[in-house]
Amino acid sequence: MEFAQYSERIELYNELNSVAYELLAPPFELSHLVLMSARHWVEQERELINELCLRYGIDPLLMHENDFSADFGEFRLRWERHTEYSTYTVYRVKPFEIPFAHPAITYVSDEWIARLPGELLVATHIALEDRSRPKRSLHELATLFTSGTVIGSKVAGGAASVWSDNQIHCDNFSRILIHDENLRSRQVGRLVQRLLEIETYRMLAMLPLPITRKIIPQLAHADQRLAELIASNVKMTSIEDEQCLLNELTRLAAEIERLSAQTSHRYNASRAYYDIVKLRISELREERIEGLQMLQEFMIQRLASAMGTCELVHTKLETLSMRLGRASALLRTRVDLSMEAQIRDLLKSMDNRAHVQLRMQETVEGLSVVVLSYYLLGILGYGLKALKAGGYDLDVELLTGLAIPVVVLSVFFIVTGLRHVIRKLHHD
């Protein structure tokens, strides 16, 4: 059947069906590294992998791939590139007498490991003992985990036992010991992968904790400052004071938004990693070993406290941002009302001045009637004098005097009519 195929269908299927774990048989040891590295370092990581392949005569990694697994004889290496970190897992499938005495990573060149880009976040040794070996006693476990605190449980429905102390040892690695009791071949890889993901994601979930502790005092100071600004809002008497207060609120809001922008991505990522940790722990299907604290109890008890602190600060940031927004909105409304009152007073003052100006204009119009009448009478007098000079017998002074009321009334009615016309046009 011919259909238009979605361009990334095959890639999505391959992603769903990709094997996230190695198919291994006990006994074996592995060393797991998680390095925080920027995205632009991925090319350098690929070059180092290909350099190691060339040294051992193995087909190199393709330059667009983000995961690689190959057998190098003495050890097996798996590399995976993630969004903000890379993982390097070294496996050595050989019998051993004392776990962690000769870790798998010691078979890789120290010079090559030292050139790996990034900052170390997780370093873990895992040793999986064969079921033919007797299970170790608590005294032997206390010797292997020198911190003296051993936690453990049965996992995978009782098919294996897992012990750890969740401490970094003198070689800068933590340690996990697994005893196979009835694990199937695929269960081995899945169990190891879950333990590695728990180690990785619990540390990634903890990343925002240091910055959270740093900004807690800043949030307390910002909260107190906001309360002071809101209290001073009641005492404001002038628009200048209100504008100064608005500037203070704006600066405080900018500081809170800066902190939120710095931490929001990290908090969201931490929440997602924490959910993965809880999911992976539930997938272990733990059963209690008498006298030992279970992995779930140990990790969730300590991790939940840190996550609670981060969540509290994240919520506090959002609450402060909303309170600042409301306070700024109220103050802006108050400033707008004050400015509107000033504009109203200004318009009222302008209206009064216009009214006075109108009265003055009407007074000037009354004087203009006199002035126009005076000039018209003057012109009329000159005309009468001209007629008298032309031989007409006229009494110029008498005629001018008689014309005064006629001219004044005519000018008055003409000016009044023009003013009436202008007012009518204005109202229309």
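What dipole magnitude, in Debye to the nearest 20, does the chain give about its Cα centre under +1 on Lys/Arg Cβ and -1 on Asp/Glu Cβ? Working shown, then result.
Working: 48 positive and 56 negative charges, 231 e Å.
That gives the chain a dipole magnitude of about 1100 debye.
Alpha carbon centre of region 94-145 versus region 36-93: separation in Å?
What the calculation gives is 20 Å, centre to centre.
For region 265-305, which GluC sites (Glu not before Pro) pass both filters: DSSP loop (anything but H, G, I, E, B) and at most 14 other C-beta atoms within 10 Å? It would help to have the intermediate numbers written out before the result.
Working: sites: Glu283, Glu286, Glu287, Glu290, Glu297; in loops: Glu286, Glu290.
Of the GluC sites (Glu not before Pro), the ones in loops of region 265-305 whose Cβ has at most 14 other Cβ atoms within 10 Å are Glu290.
May I ask you to work out the translational diffusion coefficient for region 290-330 at 10 °C, viscosity 1.306 mPa s, via Stokes-Einstein with Rh from the Kirkwood sum over Cα pairs, reported in whole µm²/s?
On the way: Rh = 12.7 Å.
D, rounded to a whole number, is 125 µm²/s.
So which lysines pass the test for Lys348, namely a Cα distance under 25 Å, with those fewer than 8 places away in the same chain ruled out?
Within reach: Lys424.
So between Gln193 and Leu367, what do we pick up on full extension, going 0.36 nm a residue minus the alpha carbon distance? Can you show the working numbers first?
Working: separation 174, 0.36 × 174 = 62.64 nm, distance 10.56 nm.
Between Gln193 and Leu367, full extension yields 52.1 nm more.
May I ask you to list the trypsin sites (Lys or Arg not before Pro) in region 250-320 that are in a DSSP loop and have at most 14 other Cβ atoms within 10 Å of their Cβ? Show your work: numbers first, answer last.
Details: sites: Arg251, Arg258, Arg266, Arg271, Lys278, Arg280, Arg285, Arg288, Arg302, Lys316; in loops: Arg285.
Of the trypsin sites (Lys or Arg not before Pro), the ones in loops of region 250-320 whose Cβ has at most 14 other Cβ atoms within 10 Å are Arg285.
For the modelled label position 7 Å from the Cα of Glu11 along Cα-to-Cβ, which residues of region 61-103 have backbone nitrogen atoms closer than 13 Å?
Output list for this probe position: 64-66.
What are the ³J(HN,Hα) couplings of region 126-134, residue after residue, when phi is run through the Karplus curve with 6.51, -1.76, 1.60 and θ = phi - 60°? Round to Hz, x for glycine and proline.
Result, rounded to whole Hz: 10, 10, 10, 8, 5, 5, 6, 7, x.
By Kyte-Doolittle mean hydropathy of at least 0.5 and Cα axial length of at least 18 Å, which whole DSSP H helices of the chain are selected? Don't jump to the answer; show the numbers that get you there.
On the way: long enough: 42-56 (21 Å, -0.58); 185-205 (31 Å, -0.16); 209-233 (35 Å, 0.08); 239-283 (63 Å, -0.52); 295-389 (134 Å, 0.21); 396-427 (45 Å, 1.33).
Those that clear 18 Å and a mean of 0.5 are 396-427.
In a Gaussian network model over the chain where Cα atoms closer than 10 Å are linked, find which of Ile281, Ile230, Ile404 has the largest mean-square fluctuation.
Checking each option, the largest mean-square fluctuation is seen for Ile404.
Hey, if you put +1 on the Cβ of every Lys and Arg and -1 on every Asp and Glu Cβ in region 359-427, which of Ile379, Val369, Val396 ends up farthest toward the positive end of that dipole?
The Cα lying farthest towards the positive end belongs to Val369.
Averaging the inverse of every distinct alpha carbon separation and then flipping it gives the Kirkwood radius. What is it for region 88-200, in angstrom units? Write out the running numbers ahead of the final one.
Details: mean 1/r = 0.0665 Å⁻¹.
Answer for region 88-200: a Kirkwood hydrodynamic radius of 15.0 Å.
Can you check how the C-alpha radius of gyration of region 249-384 compares to 2.2 N^0.38 Å, as a plain ratio? Please report the intermediate quantities before stating the final value.
Numbers: Rg = 39.8 Å, N = 136, 2.2 N^0.38 = 14.2 Å.
Here the Cα radius of gyration is 2.79 times the empirical estimate.
Can you list which of the GluC sites (Glu not before Pro) found in region 76-142 are DSSP loop residues with at most 15 other C-beta atoms within 10 Å? Don't skip to the end; give the middle numbers.
Details: sites: Glu80, Glu84, Glu97, Glu111, Glu119, Glu129, Glu140; in loops: Glu84, Glu97.
Those satisfying the criteria are Glu84, Glu97.
At 7 Å along the Cα-to-beta-carbon direction for both Glu228 and Met339, put a label point, then send me their distance in nm to one decimal.
2.7
Please give every one of the lysines within straight-line cross-link reach of Lys214, meaning a C-alpha to C-alpha distance under 29 Å, and leave out same-chain neighbours fewer than 8 residues apart.
Lys278, Lys316
Report, in whole Å, the centroid distance computed from the Cα atoms of region 255-317 and region 325-377.
Comparing the Cα centres of region 255-317 and region 325-377, I get a distance of 67 Å.
Counting Lys and Arg as +1 and Asp and Glu as -1, each charge on the Cβ, what is the dipole of region 87-164 about the Cα centre in debye, to the nearest 20? Can you show the working numbers first?
Details: 8 positive and 7 negative charges, 72 e Å.
With only Lys, Arg, Asp and Glu charged at Cβ, the dipole is about 340 debye.
So how much slack lies between Cys170 and Leu347, counting 0.36 nm per residue of separation and subtracting their Cα-Cα distance, in nm? Could you put the intermediate results ahead of the total?
Working: separation 177, 0.36 × 177 = 63.72 nm, distance 8.15 nm.
Working it through step by step, the gained length comes to 55.6 nm.
Please state the charge dipole magnitude for region 359-427, taken about the Cα centre, from unit charges on C-beta atoms (+1 on K and R, -1 on D and E), reported in debye and rounded to the nearest 20. If you can, show how the numbers build up before the last one.
Numbers: 6 positive and 5 negative charges, 78 e Å.
The calculated dipole for region 359-427 is roughly 380 debye.
Could you work out which residue, out of Leu12, Leu23, Leu402, moves most in a Gaussian network model of the chain, that is, has the largest mean-square fluctuation with Cα springs under 10 Å?
Highest fluctuation among the options: Leu402.
Where is the GNM fluctuation largest for the chain (alpha-carbon springs, 10 angstrom cutoff): Tyr13, Tyr274, Tyr88?
Top of the fluctuation ranking is Tyr13.
Equivalent ellipsoid semi-axes for region 17-205, as square roots of 5 times the alpha carbon gyration tensor eigenvalues: give them largest first, rounded to whole Å.
28, 18, 16
I want to check the label-to-label distance for Thr309 and Leu402. Put each point 7 Å from Cα in the C-beta direction and report it in nm to one decimal.
Here the answer is 11.5 nm between the modelled labels.
What Kirkwood Rh does the chain have if only Cα atoms enter the pairwise 1/r average? Answer in Å. Please report the intermediate quantities before stating the final value.
On the way: mean 1/r = 0.0332 Å⁻¹.
Averaging 1/r across every pair of different Cα atoms and inverting gives 30.2 Å.
No value in this document is a laboratory result; all are computed from the given coordinates. Computed from a predicted structure; not experimentally measured. In this analysis, Cβ positions are derived from the backbone assuming ideal geometry, glycine residues included, and neighbour counts consider all displayed protein chains.
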